[in-house]
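In what follows, a single structure is set out as structure tokens and then discussed.
A short reminder: the numbers here are calculations on the coordinates, not readings from a lab. Everything numeric here is computed off the predicted structure, so don't read it as measured data. Heads up, the Cβs are rebuilt from the backbone with ideal geometry, glycines too, and the neighbour counts pull from every protein chain shown.
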Amino acid sequence: MLKVFNGTFKKKNDESRTMTFVKLQDLPEDFLASKIGNHAKPRILPEGVELVWDLDQSGFRTFNWGTVVGEISAKSLEGKEKEEFQTKHLTTQK
């Protein structure tokens, strides 16, 4: 199963940011490995901030769960719907 989230949070500069994203633990291993170099240093993030894959920007971004505005929606994808989504959004090309 793959979960796709959509939510809005307040950034440090007080601007709102809406993001559609996948949590790292839900990304296919080969896709994640292709995006992280062997020498990537782990980032220490503040409490409530999570590193995610932003589907709109096709890159890693942080999502601040501590400043969420409104509701977070989540959609679980399985089977053919999951396969089609991965083909479209999560290719292993750099």
**Q.** Entry for Rg/Rh (Cα atoms, Kirkwood Rh) (calculated from the structure that is shown) out of (1) 0.97; (2) 1.21; (3) 0.94
**A.** (1)
Q: Would you please give the residues with an amide H less than 5 Å from that of K3, counting only those at least 5 places away or on a separate chain, with H modeled from the backbone geometry?
A: L77
Q: Note down the net charge around K3, summing +1 for each Lys or Arg and -1 for each Asp or Glu among other residues with Cβ under 11 Å from its Cβ.
A: +1
Q.
Given points 7 Å out from each Cα along the Cα-Cβ axis, report the R43 to V69 separation in nanometres with one decimal.
A. 2.1 nm
Q) Which whole-number percent is the relative contact order of the chain (Cα, under 8 Å, 6+ apart)? A) 40 percent
Q.
For the chain, set up a GNM with springs between Cα atoms under 10 Å and report which of V22, V52, V68 has the largest fluctuation.
A. V68
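Can you give the charge dipole size of the chain about its Cα centre, rounded to the nearest 20 debye, using +1 on the beta carbon of Lys and Arg and -1 on the beta carbon of Asp and Glu? Please list the in-between numbers first.
On the way: 15 positive and 14 negative charges, 63 e Å.
Around 300 debye, computed over the chain.
Subtracting the Cα-Cα distance from 0.36 nm times the residue separation, let me have the gained length for D54 to D14 in nm, one decimal. Provide the component values of the computation, followed by the final result.
Values: separation 40, 0.36 × 40 = 14.40 nm, distance 1.97 nm.
Full-extension gain reported as 12.4 nm.
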Q.
Only Cα pairs within less than 10 Å get springs; with that Gaussian network setup on the chain, which residue of F60, F31, F21 has the largest fluctuation?
A. F31
Q. Under a straight-distance cross-link criterion of Cα-Cα below 24 Å, which lysines are reachable from K41, leaving out those fewer than 8 residues away in the same chain?
A. K11, K12, K23, K94
